[in-house]
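Report on the structure given below.
The numbers here are math on the coordinates, done by the rules we state, and not lab data. Remember, predicted model here, so these are calculated numbers, not experimental data. Virtual Cβ from ideal backbone geometry, glycine too; neighbours counted across all protein chains shown.
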Amino acid sequence: MNTTDKLLRKPDWLKVRFKGGPDYARIERLHRAHGLHSVCRSAACPNQGECWSRGTATFMILGDCCTRDCAFCNVSHGTPKTVDEGEPRKVAEAIAELQLRHAVVTSVTRDDLADGGAALFVDLIRAVRRAAPDCRVEVLIPDLGGDRRALEKILEAGPDILGHNLETVPRLYARVRSQAVYQRSLDVLRNSRKMKPDIPTKSGLMVGMGETRSEIANAMKDLVDAGCRLLTLGQYLQPTRKHFPVQRYVAPEEFADMREEGLEIGFIHVEAGPLVRSSYHAEEQFKEVIHAEGK
């Protein structure tokens, strides 16, 4: 672990020019008008300008306060507010107004709720189907405390893709994801594939936190064994000095190597790069997996 107080200097490939434009301004206005939360902003995503300027965004439901305190995450944590039952309708209306073809919806973790928030995901999927029937719905869910019935309810609502991020290798869980369980996260993906084999599953890993290449390869093998066929690989970026420090910056060439390794291991699509995040180029990933699986 990097024990110095000095932050590592970001290399040139991580210097992003913030993009604006009319589509960015339109999404910003919608968020404010509907009181919506976006993981783009809450998690300090480096692609916010690019994605918003292209008219795409990842919505975050179940509020903006997480019951877990992961050392890498910029989303606020503590005691969440009461669930806003009208949130699915508001998000669906925004998706319809934006005329999105592919919407990604994630959430904070809500360990305070009996079903982990599954019911709101169900309501959200159904609301989007009514408001924007031509829009595909990708959900990026928490581990739901390992509740199989809660997971089944979300799958029965019929999302086009179900995602759950592994985030890092098992050795680092105690330090950066102490309230999560590596095997439980794998089981979310494995059980999803068993319950609804027609719904593709997707996961994401961060690099630069002190893991080795062999550990990343083993995590990729674990994901493929769990039935996961879509993967995102991105550089971990320390949100503030209070968060887990970056151990190294991975060069684009190494990301390209890991992408090829992931494809050899068995993924249908691997989106890999320093600025890649879970929903980056989500629509293209969906098209590729549908084509590959002949659906």
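Taking the alpha-carbon centroid of each part, what is the distance from the stretch 55-130 to the stretch 166-213 in angstrom?
About 20 Å separates the Cα centre of the stretch 55-130 from the one of the stretch 166-213.
Tell me, Tyr182, Tyr236 in order of fewest to most beta-carbon neighbours within 10 Å? Each step should come with its number before you reach the end.
On the way: Tyr182 19, Tyr236 24.
Ranked by crowding around the Cβ, least crowded first: Tyr182, Tyr236.
In sequence order, what are the phi-derived ³J(HN,Hα) couplings for the stretch 154-161 according to the Karplus relation 6.51 cos²θ - 1.76 cosθ + 1.60 with θ = phi - 60°, rounded to whole Hz, with x for glycine and proline?
5, 5, 5, 6, x, x, 6, 9
Convert each backbone phi in the stretch 86-96 into a coupling constant with the Karplus relation 6.51 cos²θ - 1.76 cosθ + 1.60 (shift: θ = phi - 60°), then list the ³J(HN,Hα) values in order as whole Hz, x for Gly and Pro.
Working through the residues one at a time gives x, 4, x, 5, 5, 5, 4, 5, 5, 4, 5 Hz.
Once amide H atoms are built 1.01 Å from N in the peptide plane, which residues 5 or more positions from Ala71, or in another chain, come under 5 Å H to H?
Sorted by chain and number, the residues that satisfy this are Arg177, Ser178.
Please turn the phi angles of the stretch 99-111 into ³J(HN,Hα) values with the Karplus equation 6.51 cos²θ - 1.76 cosθ + 1.60 (θ = phi - 60°), one per residue in order, whole Hz, x for glycine and proline.
These are the phi-based 3J(HN,Hα) values: 6, 6, 8, 8, 10, 10, 10, 10, 7, 6, 7, 10, 5 Hz.
With each pseudo-label sitting 7 Å past Cα toward Cβ, what's the Asp134-Glu253 distance in nm, one decimal?
Label-label distance for Asp134 and Glu253, simple model: 4.5 nm.
Return the long-range amide H neighbours of Thr109 (sequence gap of 5 or more, or a different chain), with a cut-off of under 5 Å between placed amide H atoms.
Residues meeting the criterion, in which the H sits 1.01 Å from N, are Thr67, Arg68.
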